[in-house]
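Below is one structure; the comments refer to it alone.
The values are calculated or read from the model by the stated rules, or taken from the named source; none is laboratory data. Being a predicted model, the structure only gives us computed values, none of them experimental. Virtual Cβ from ideal backbone geometry, glycine too; neighbours counted across all protein chains shown. Ligands, DNA and RNA are excluded from the accessible area calculation, which covers all protein heavy atoms including side chains. Shrake-Rupley method; radii C 1.70, N 1.55, O 1.52, S 1.80 Å.
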Amino acid sequence: MNAPSPPPGGELTFGVSGLHCASCVARLEKALLAHPAISTAVVNLAASTGFVRFDPTQLTEPAIFQLVLEAGYTPVQQEQAEEAELGELKKQRNWFIFALLLSLPIMATMTMHHQREIGWLNLILATIIQFSAGLAFYRGAWSALKSGSSNMDVLVALGTSAAWGYSLLAFFGLLGDSHDVFFETSAWLITFIRLGKYLEARARGKAGEALKKLARLQADQARLVTDAGEQEIPASLVRVGDLVSVRPGEVIPVDGEVVEGNSSADESMVTGESLPVAKKPGDSVTGATINKNGHLLVRATRTGEAALLSQIIKMVRDAQGDKAPIQRFADAVSAWFVPAVVLLALAVFGIWFLILHAPFITAFKFGVAVVVIACPCAMGLATPTAIMVGSGVALSRGILVKKGSALETIAGLQVMLLDKTGTITAGAPAMTDLITPPGTDNKRLLHCLATAEQASSHPLAQAALSAARAEGATAGETTDYYESEGHGVTCTYAGQRLAAGNRRLMEREGIDASSLDDAAQRLADSGKSLIYVAEGPDFLGIAAFADTIKPTSPQAVTELKRLGITTCMITGDHGAVAATVAQQAGVDRFEAQVLPERKLEIVKEYQAQGFVVGMTGDGINDAPALAAADVGIAIGGGTDVARETGDIVLIRDDLQDAVRAITIGRATLAKVKQNLFWALIYNLIGIPVAAGLFAHWGLTLKAEYAGLAMAFSSVSVVLNSLLLKRISHKL
């Protein structure tokens, strides 16, 4: 099989065709992990994918695919997975229709087997179904038995072969006086299981819609700008540094920076927000977002696998392949379930035939019904389908779930640690106060402040300019500009000397600022940064700046408390600032002047007390705590290190999305538990009925109807998971 080279780091995600139940998952994982070069193997039944982490010096991608083939399954390149899924859906539909058409005459004449012509017809039709539509089960069973394991195919092959084989022997009079034949049992059993497979494939496709929608967003073509003019090329050929032209209404083909033009972009696929975002030269744009109303010239900064959309798709795939603890339990149960069912079926047959002295045919039918109804398919689908739908709902709201297990863990969160800067606060200074001495107005102060600071790149200077613009104050033309490190700036404007900086600058310039000393002390004590402004000999006032709290943070903290979660803010800032922000945000407690290693210690201290701990942060200094927490939540606008470390990424930088993530996690876990409950209760009720425990009261279950019930149990689990989508209206 031809395949590209393995990705760096020895990780490979691929599609898998032929997975039927949780036993298949356990079997394939076991086969892969048996190779010494593979350290991790995770198979996802709902997504029909496999993920392996391996040593690329010992193992290649084709060799991994060969291991999958030897285990009895078909590996599929990830890029071809959707095409393979459509092919599988079509195949399941066609086999169902074929089996149905051949089964209908058998069912219509099932009471006429004693007529030799009818009997021959049903024998021929049942045999065709058995070894055409039913052949896949024999192949799967043989592959499983060869590797020393068992799966659903073993149960189906056993049940249908027993029903067909007994009917065949009885038809030819090889069972003594017993001439009862029931070809309809094996034929309809295969038909119903094929129907279940078809419906299951359709429902599973709907569960993975979020990922498919993402993949379809990627632009196919790009308009490359060259010396010879614009040239249309496949988007995959654009390289970092290339210039691309994007016209109104077109999909932006790459991540990049606007070089020329003004427009707005629909970034809802990244942020979940429907309002367009203004774009001007210097702004960044994301591939697969839509240019709304202006022409843009964009320089590519990230392409291919490095692009944001590709990274999101990879993260979602990894999340859907990741196993929650509750799923590992279901997989472990399913691994021994099939052998246990076979033994149970034999026991049922023995009790009815040897102890209760029932007719052979009666005991035989009860044994077959037990084999058929007990398949653990629904149990294997219970968790991955719910996680797929839950992560899709989260993604539609701008919440990227990188690990599926995080959805289960976050549902039980008890303590949320919150970084201050960039998480609770905006992460950049903003003007909070303007104080002027008697006889000076704010407008004059803002005008002179903007004029003095317009050439400075200092964060406070930029915040001053933003505040001035917001108030309609414009900057004037200056000369003799000079920026003194640790003091501030001076310049000449309209014949007057302007000075903007700290108190030391005022003293150096001979400006008397004592009239506002009390106010300045009060502002400084609350942790605010101050810029003193003077025009000539006149002291104009003070502008105060602080990293302001995000508007949504207090509401988010309130919601976290309502969910029963203790909130604790941790920050490297000094105590006065921390106390002010903690009070504004409403957190339960806070700790100030915290170094990165202390953040990690705080996480471990809460964990040592038995709490499930979440950490939300955006900086490099938060990475150790994000990694150590039970759930790490990274702010999307933060550092790459934080985003790489977090289990969940809040793309919109909104702390309320952490609340939404918890809500989705709780709903997902509830849905998983519902699915497992129904899957288990179905077996607990169905097996006794199939075994004839209630036969005395006339309540029995034919093997073919047991097959139908088994098929629809899997479908019901998937459909129940899809109901998770309704929670998006409550977020």
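Along the Cα→Cβ direction, 7 angstrom out, place labels at GLU605 and SER236. What is the inter-label distance in nm?
5.3
Step through the residues of region 336-344 one at a time and calculate ³J(HN,Hα) from phi using the Karplus curve (6.51 cos²θ - 1.76 cosθ + 1.60, θ = phi - 60°), rounding each to whole Hz and writing x for Gly and Pro.
Here the 3J(HN,Hα) series is 9, 5, 4, x, 5, 5, 4, 5, 5 Hz.
Name the long-range amide H neighbours of GLU260: under 5 Å, sequence gap of 5 or more, or other chain; modelled H, no Pro or chain starts.
Distant-sequence amide H within range of GLU260: LEU297.
Report, in degrees rounded to the nearest 10, the 0 to 90 angle that the Cα long axis of helix 81-108 makes with the longest principal axis of the chain.
With rounding to tens, the tilt is 30 degrees.
Could you list which residues have their amide H under 5 Å from that of ASP653, counting only those 5 or more apart in sequence or on another chain, with H placed in the peptide plane?
Placed amide hydrogens put GLY636, GLY637 under 5 Å from ASP653.
With both partners inside the chain, how many of the DSSP beta bridges are antiparallel, as a percent to the nearest 5?
Around 80 percent of the beta bridges assigned by DSSP in the chain are antiparallel ones.
What pairs from LYS90/LYS197; LYS402/LYS730; LYS91/LYS146; LYS604/LYS673 go past 18 Å between their alpha carbons?
LYS402/LYS730; LYS91/LYS146; LYS604/LYS673
In a shell of Cβ-Cβ distance under 10 Å around GLY287, excluding GLY287 itself, what net charge do Lys and Arg (+1) and Asp and Glu (-1) give?
0
Output wanted: per-residue J couplings in Hz (rounded whole) for region 477-494, from phi through Karplus 6.51 cos²θ - 1.76 cosθ + 1.60, θ = phi - 60°, x for Gly and Pro.
6, 10, 9, 6, 5, 8, 10, 9, 4, x, 10, x, 10, 9, 6, 10, 9, 6
With all protein chains present, calculate the accessible area of TRP336 using a 1.4 Å probe and round the result to the nearest 10 Å².
140
Using a 1.4 angstrom probe and counting only protein chains, how large is the accessible area of VAL240 in Å², to 10?
Surface accessible to solvent at VAL240 totals approximately 100 Å².
Can you tell me the orientation of helix 553-562 relative to the chain, as the angle in degrees between its alpha-carbon axis and the longest Cα principal axis, to the nearest 10?
40
Of the listed values (i) 40.9; (ii) 34.0; (iii) 37.7, identify the label whose number matches mean projected area of the Cα convex hull in nm² calculated from this model.
For mean projected area of the Cα convex hull in nm², the calculated option is (i).
Go through LYS197, LYS90 and list them by solvent-accessible area, largest first, probe radius 1.4 Å.
Largest accessible area first, the list is LYS90, LYS197.
How big is the accessible area of ARG497 in square angstrom, nearest 10, if you roll a 1.4 angstrom probe over the protein chains?
Around 110 Å² of this residue is reachable by solvent.
Residue farthest toward the positive end of the dipole of region 444-603, with Cβ of Lys/Arg at +1 and Asp/Glu at -1: which of ALA534, CYS448, ALA592?
Checking the options against the dipole of region 444-603, the answer is ALA592.
For the Cα atoms of the chain, what angle does the longest principal axis make with the long axis of helix 360-373, in degrees from 0 to 90, nearest 10?
Tilt relative to the chain: about 10 degrees.
May I ask which residue of VAL557, GLY572, ALA544 lies farthest towards the positive end of the charge dipole of region 477-578, with charges of +1 (Lys, Arg) and -1 (Asp, Glu) on Cβ and the Cα centre as origin?
Value: VAL557.
Starting from the Cα of SER284, step 7 Å along the direction of its Cβ; do the same at TYR482; then give the gap between the two resulting points in nm.
Distance between label points: 3.9 nm.
Specify the inter-centroid distance of region 474-488 and region 569-636, based on alpha-carbon positions, in whole Å.
39
Sorted by accessible area (1.4 Å probe), largest first, how do TRP188, TRP120 line up?
The ordering from most to least exposed comes out as TRP120, TRP188.
Which far-off residues, 5 or more places away or on another chain, put their amide H under 5 Å from the one on ASP538, with H placed in the peptide plane?
none
Taking 0.36 nm per intervening residue step and subtracting the Cα-Cα distance, what contour gain separates GLU644 from SER39 on full extension?
Once the chain is fully extended between GLU644 and SER39, it gains 215.7 nm.
Hey, got the dipole for the chain? About the Cα centre, +1 on K and R Cβ, -1 on D and E Cβ, debye to the nearest 20?
2940
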